[in-house]
Amino acid sequence: MSDTSTVNTESTFKEQQKMAISARNINVVYATPTGDIPAVRNVDIDLPRGSITGIIGESGSGKSTLIMAIMNAVTKPGKITSGSVLLNGENDMLQLSSEKQRKIRGKEIGFVFQAAQNSLNPLRRIGQQILDLGRAHEVHDLRALIKYAKELLIRLGLDADRVLASFQHELSGGMRQRVGIMFSLVLNANIVFLDESTTALDMLSQASVLEIIRELQKEKNLTIAFVSHDIGVIADLSERIEIFYAGEIVEEGKTSEVLASPKHPYTKGLIKAIPKISGDIDAAEPLKGSSPDYRTFKQEGCLFYDRCPIRTDSCRDSRPELNITSGYHKVACFRVDAND
Amino acid sequence: MIEIKNLQKFFQIKAKFSNHKTVHAVRNVNLTISSGGALCLIGESGCGKTTIGRMLCGMERPSSGSIIIDGQDISRLKRGARAKLLQKIQLIHQDPYQALNPTHTIEQMMKATLKKVAKQKKKDVDWIRQRMDELLKLVGLDPETILFKYPHMLSGGQRQRVIIARALTVEPEMLIADEVVSMIDVSLRLGILKLLRYLRERHNISILFITHDIASARYLGNDTELYVVYKGMVIERGRTERVIRRPQHPYTQALLSAMPILKGIEKPGKDRFVITSQFKQSEEETRGCLFADRCPFKQSICDEKQPELIHNDDAYHACFFPKVRQVAAESI
């Protein structure tokens, strides 16, 4: 027994080397007057180098909190209670000094916020903000930085000179998202988190932003984590998929596998509930119940119990763990084999 | 029945440091919605689809053209009569977070409108109570648990349902649903779409559905007509299913190509193409086709003449070089 366990730790160590980010056992709680609410619970997540991972969850499921926890940027009243986040197999983000963390954010990890307009300074032109960013990260050649920013903006399909001379309110929603992407890449970060980056955009700008993300990812071999509630966008973009529900991962695997044969009732429900462009319109069914709220997080048994069509009594009392069904496909459900 | 004839709208933009500009927001739009029918306007943000909806419910005055509701031209009616007629058309906004008063409970809000209806109909307080429960149940909410709540205590989907219930208090004949699902979680969208379809099929309420998502438009029913709007002009129209399967205009094809593909259960259409150039709002009026600057299939005539909406193969399109391309994703 002891032999196999050492072999296992060695192989996991080797695997972690290939991982741009390898987070283990992350727990985040939000302190409220009525007690702590566990927003992220026992989450293990790996982002293999050079891949796109999609994280799906409804609003309020804790997906943004998870991303913030990975960067050790959870703000009060939230608190990370346990876990480790290895960056390229070494530095633990949760242990580093705050100055080192600050340098890593931006230089190694780029981040695009959900509402790009809120992450830009309304009082300074975009160009000035790039210079601020450069100074904060001790970039010596600021001219080269601006030049690189211009190159990126052109790649993103924007008029670079105009954008650099603009304030954020002079740009449209799609342009701001693109500027956000530029900011995340301008310091040559190779890990990029995109939080609901296409949610506010309409179809055509969404498609072109996705296309640009895909191109840049290939060209620079970026590691991307894309967070969204829109399973359609994630299914289109990502190679791996993590289904997040009320602070826990309930299913993960290769995107095409998970979509073609979903195992968790929540994933099945989500896929059924997307308006599709082909197939029988009566086959689509809305997901029952409402998005998880604070009561869901405090539940004893399976978090999906209230909305589950195939629940049994045992689901109410104990919580299923994430188990491998086949290959990389993992699912947290007692009734994986149930036919319905 | 609602008819729109040659509807036009110009907006004057007063710029401080440059010349005043005129934006041609809606260009010669004609459409008919029969009672209990459904029509869907599709296009990017800024294409004028919302303006059409706003003119239809009287929030905006058309620059020219006429809106005829049950045979009466609303621009010729006196104020009182017009307001009464327009009550039959109710608008549901995109943003369910801003359309409700945050300081009123759902009960106060529903009662406020129902009181007015009750006065008109000479009904008593019991009727209000009964009607309130009836409407909330109709939109799929439980009156017991929802009446005492404030808007911030509800989810986006529930708020949108409350707004629909409020619109139904005046017994409208038509609902204008302006991007009603775009701010709601994807998992809850289908529920709202099914509700609209149910209202149409069971209660004979016609629906004008305004969206940028073609997939949502399909869920309003098989006989829905789809109008694709670009820069205020209808550039393609036909039955929804038919436009999705056999789109003729390059812009429609671009919209269909932009739909995300569900890896593992869908495969891209074989002619799929993605347009990366951005939609420019304020530019010089062109003599040619409005879409020419972004069209990948443009030829020289497209810069010189504007194509008109012509009938072809049981659908309408405005393009000199129409060609059916298979761009929509197909299920595997």
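Structure above, values below:
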quantity	calculated
Distant-in-sequence amide H partners of A:THR325 (H built 1.01 Å from N, under 5 Å)	A:LYS330, A:VAL331
Estimated distance in nm for a label pair at B:GLN12 and A:LYS272, the labels positioned 7 Å out from Cα along Cα-to-Cβ	5.7
Sequence of B:PHE209, B:PHE297 once ranked by neighbouring C-beta atoms within 10 Å, starting from the fewest	B:PHE297, B:PHE209
Backbone HN-Hα couplings from phi across region A:33-40 [Karplus 6.51/-1.76/1.60, Hz, Gly and Pro as x]	x, 8, x, 6, 10, x, 8, 9
Anisotropy class of region A:246-301 from Cα gyration tensor, a/c 1.5 cut	oblate
Pairwise centroid distance, computed over Cα atoms, of region B:215-238 with region B:38-112, Å	19
Dipole magnitude of region A:116-188 about its Cα centre (Cβ charges: Lys, Arg +1; Asp, Glu -1), debye to nearest 20	80
FRET efficiency, 1/(1 + (r/R0)^6) with R0 60 Å, evaluated for B:THR145 and A:ILE324 via beta carbons	0.90
Net length gained if the chain between B:ARG202 and B:MET59 were fully extended (0.36 nm per residue, minus Cα distance)	48.7 nm
Calculated from backbone phi, Karplus (6.51, -1.76, 1.60) coupling profile of region B:201-210 in Hz, x at Gly/Pro	6, 8, 10, 6, 9, 7, 10, 9, 9, 10
Shape of region B:102-214, Cα gyration tensor, a/c cut at 1.5	oblate
Förster radius 51 Å - calculated FRET efficiency between A:ARG316 and B:ASN222, Cβ distance, rounded to 0.05	0.80
Rounded Å value of the spacing that divides the Cα centres of region A:204-252 and region B:146-188	29
Selection from A:GLY269, A:ILE324, A:THR75 lying farthest towards where the dipole of chain A points positive, charges on Cβ	A:THR75
B:LYS121 versus A:LYS79: modelled label distance in nm, points set 7 Å from Cα along the beta carbon direction	5.6
Per-residue HN-Hα couplings for region B:259-264 [Karplus 6.51, -1.76, 1.60; θ = phi - 60°; Hz; x = Gly/Pro]	5, x, 9, 7, 3, x
Rounded to the nearest 20 debye, dipole of the protein assembly as shown from Cβ charges on Lys, Arg, Asp, Glu	2180
Value of [θ]222 nm, deg cm²/dmol, for chain B, DSSP H segments ≥ 4, -39500 (n - 2.57) each, nearest 500	-9000 deg cm²/dmol
Positive-end extreme of charge dipole, region A:24-125 - chosen from A:SER59, A:MET93, A:GLY110 (charges on Cβ)	A:GLY110
Other protein chain Cβ atoms within 10 Å, averaged over every residue that makes up A:280-288	5
Sites A:GLU90 and B:SER75 - FRET efficiency at Förster radius 45 Å, r taken between beta-carbons, to 0.05	0.05
Packing-based order for A:313-321, A:88-96, using average beta carbon neighbours within 10 Å, highest first	A:88-96, A:313-321
DSSP loop chymotrypsin sites (Phe, Trp or Tyr not before Pro) with at most 15 other Cβ within 10 Å excluded, longest remaining stretch of chain A	A:1-166
A:THR81 long-range amide H proximity, modeled H, under 5 Å	A:ASN27, A:VAL28, A:VAL29
Region B:122-143 and region A:163-202: distance between their alpha carbon centers, rounded to Å	47
Segments B:212-218, A:153-159 sorted - mean Cβ within 10 Å per residue, highest first	B:212-218, A:153-159
Debye log10 I(q)/I(0) at q = 0.26 Å⁻¹ for region A:116-188, Cα point scatterers	-1.31
Residue pairs, from the table A:LYS288/B:LYS119; A:LYS150/B:LYS9; A:LYS63/A:LYS218; A:LYS298/B:LYS149; A:LYS268/B:LYS270, whose Cα atoms sit over 31 Å apart	A:LYS288/B:LYS119; A:LYS150/B:LYS9
Sparse-neighbour loop sites [trypsin sites (Lys or Arg not before Pro); region B:10-59; at most 11 other C-beta within 10 Å; DSSP]	B:LYS14, B:LYS16
For B:TYR230, residues with placed amide H under 5 Å, excluding near neighbours	B:ILE235
Extreme residue, positive dipole direction of the protein assembly as shown, given options B:GLN326, A:ASN25, A:ILE146 (C-beta unit charges)	A:ILE146
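Readers should treat all values here as calculations from the given coordinates under stated rules, not as data from a laboratory. Predicted, not measured: the structure shown is a model, and the values here were computed from it. With ideal geometry, Cβ positions are generated from the backbone for all residues, glycine too; neighbour counts draw on all protein chains shown.
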